[in-house]
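**Q** So that we are looking at the same thing, I have put the structure below in structure tokens.
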Amino acid sequence: MGSKSAASTDSLLDELQAALAHGTVARRVETLRRVADLFIEGAVDYSDQQIELFDDVFQCLIEQIEISAKALLANRLAPIDVAPPQTVRTLALDEAIEVAGPVLSRSERLDDETLIEAAHNKSQAHLLAISNRRALSGAVTEVLVLRGNDEVVQNTVNNPGAEFNERGFTRLVSRAEGDDNLTTCIGLRPDLPRHVYLKLLAKASATVRQRLEAANPKLAGDVPGAVREATRRARSAPSGLTQQTEIAHALVKSLYEDGRLDEQQVVQFAEDGKFDEANAAIAALANVPVSTAENMMIESRAEGVMILCKVSGMSWSTVRAIINMREELSGGTPTDIASCKATYERLRPSTAQQVLRFHRMQQNADAPAA
């Protein structure tokens with residue numbers, strides 16, 4: 001800091017000591033204003049050690065001041081990337097939304113840990129402020145979907161900077177049932193995993209189908225067949241595939257053609273939670289179209305998975321890995337593993353082939369005429 005700034009700091013420190021020792025609330029507020037002015041004036045030039053000093057000063061001053069003064073400080077610090085981190089955290093966790101809101105919605109100083117803590121414990125107004133952030137991680141949006149009211153969830157889904165993990169997307173689909181506006185917003189997100197998109201469409205109303213078709217003509221071919229019947233929702237046109245799914249399918253095709261696709265690779269895909277890759281790999285090894293395998297993989301019960309695996313000659317441990325992946329991605333009711341194991345061990349390959357032929361016939365019957 002220059003000599004002028006140093007002199008200002010020395011004077012302010014004297015004033016701060018007096019304010020903390022025996023000053024009135026009004027004096028503390030005035031001191032807080034002057035400290036904030038000094039910080040903002042030279043924020044870009046301060047070292048980490050100097051910012052830490054300001055952090056300590058702010059923390060002392062905001063302990064006994066009124067909400068309006070803290071709210072003013074929050075608004076001034078929110079847009080500053082190097083704002084004192086502990087002060088920003090204290091403001092973010094304040095019960096008063098006037099104080100917490102500005103930093104929850106704008107401060108880049110807040111880490112996911114603080115955002116998740118606020119999302120778990122604070123009011124819906126706090127959650128709404130978080131949902132307005134420029135960027136949101138999947139860990140944060142998962143809590144917003146879990147705890148947020150309709151406004152919070154809608155705002156989060158409409159935020160282009162919000163990311164969703166698999167569990168978050170699955171919770172969104174459950175949350176959206178019966179809510180046409182939310183279902184439409186989810187369906188139009190470009191990052192929506194294909195298997196989640198198909199489940200969403202299976203529950204969609206005619207109004208939602210019309211909206212999705214009008215908003216995204218490229219996906220229009222997916223909508224009628226997918227909604228017509230939940231167990232037949234994998235009949236969509238290739239243009240409906242997301243780029244991520246196309247990449248996954250291309251990877252599996254390459255592995256298969258090179259002779260490197262085997263049961264162990266399927267297990268690896270499942271353990272990594274890679275649905276599209278696991279689905280395409282099982283389809284290749286079972287010698288069925290990807291859409292047929294997908295149709296059987298997303299059924300609520302595990303029989304489809306067991307049929308595909310039995311036809312492919314896979315072991316029970318592989319079946320269990322796939323079932324575990326499905327449960328992890330869907331967040332649904334846990335599968336009765338013991339019962340599934342007994343069923344799989346009794347299932348004959350010839351029976352599995354017959355059931356698979358039935359699925360193929362059913363798909364061919366439902367396919368649109370050329």
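The values are calculated or read from the model by the stated rules, or taken from the named source; none is laboratory data. Computed from a predicted structure; not experimentally measured. Heavy atoms of the whole protein, side chains included, go into the accessibility calculation; ligands, DNA and RNA do not. Shrake-Rupley method; radii C 1.70, N 1.55, O 1.52, S 1.80 Å.
**Q** Just how far, in whole angstrom, is region 265-321 from region 74-127 if you go by their alpha carbon centroids?
**A** 44
**Q** Could you work out, for region 147-201, what percent of all Cα-Cα pairs fall into each 10 Å distance bin, beginning at 0 Å and stopping at the bin that holds the largest distance?
**A** It works out to 24, 66, 10, in whole percents.
**Q** Could you list, in their original order, any pairs among K253/K310; K253/K341; K122/K199 whose Cα atoms are separated by more than 28 Å?
**A** Values: K253/K310 21 Å; K253/K341 30 Å; K122/K199 32 Å.
Result: K253/K341; K122/K199 exceed 28 Å.
**Q** Also, quick follow-up: For A162, which sequence-distant residues (separation of 5 or more, or a different chain) have an amide H within less than 5 Å of its own amide H, given hydrogens modelled in the peptide plane?
**A** L136
**Q** With all protein chains present and a 1.4 Å probe, how do R357, R147 order by accessible area, largest first?
**A** Largest accessible area first, the residues go R357, R147.
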